[in-house]
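Enquirer: Pasting in a structure now, in structure tokens, and then I'll have a few things to ask.
Since every read-out is calculated from the coordinates, none of them should be taken as a lab result. None of these values were measured; they are calculated from a predicted model. For neighbour counting, all protein chains shown are included, and Cβ atoms are generated from backbone atoms with ideal geometry for every residue, glycine included.
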Ligand code: SF4
Ligand code: SF4
């Protein structure tokens, strides 16, 4: 299973908006697959999320870490704004959780992604592998399952590497709203 951070139940200090977190799905299993001529389509094209093995499920995460960023939700309109403020447990270079086994204790609003919940998580970025497969869309060329290289998600500028600030250092997430993390 993968994990993500859900919106906290209580509004934070700034008016009309409440904070959301999301993230992440476990740590990638490095399950790379490229179809050869005449072979069956790869698993993500022929299986539903619920039909995937644990290894296949884990490998569907591209490692972008966009889901580990703080989101703001307008309490009235429901509009979700994305920020470049990262969860305190996210490593800004590797884009991995620094304490995945103990994350639920340290970050209570970090939630597990599952085939059952993906469809209801509107704050997952449009590029998320789980969201794409759930919506019947193709994975992008830079997805490690397509490229065969876990670095392409960084090289393509999709991951959050090098462009986030920790929530411990960001006083006002509203000052950190960005468009690129959608
Ligand atoms: S693909 Fe990106 S947004 Fe989706 S779960 Fe993995 S790290 Fe998060
Ligand atoms: S606790 Fe780990 S997996 Fe959860 S949002 Fe933070 S960095 Fe991501």
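Enquirer: So how far, in whole Å, is the C-alpha centre of the stretch 67-92 from the one of the stretch 150-182?
Expert: After rounding, the separation between the Cα centres reads 10 Å.
Enquirer: Given labels modelled 7 Å from the Cα in the Cβ direction, how far is it in nm from residue 156 to residue 177?
Expert: Output for this residue pair reads 2.8 nm.
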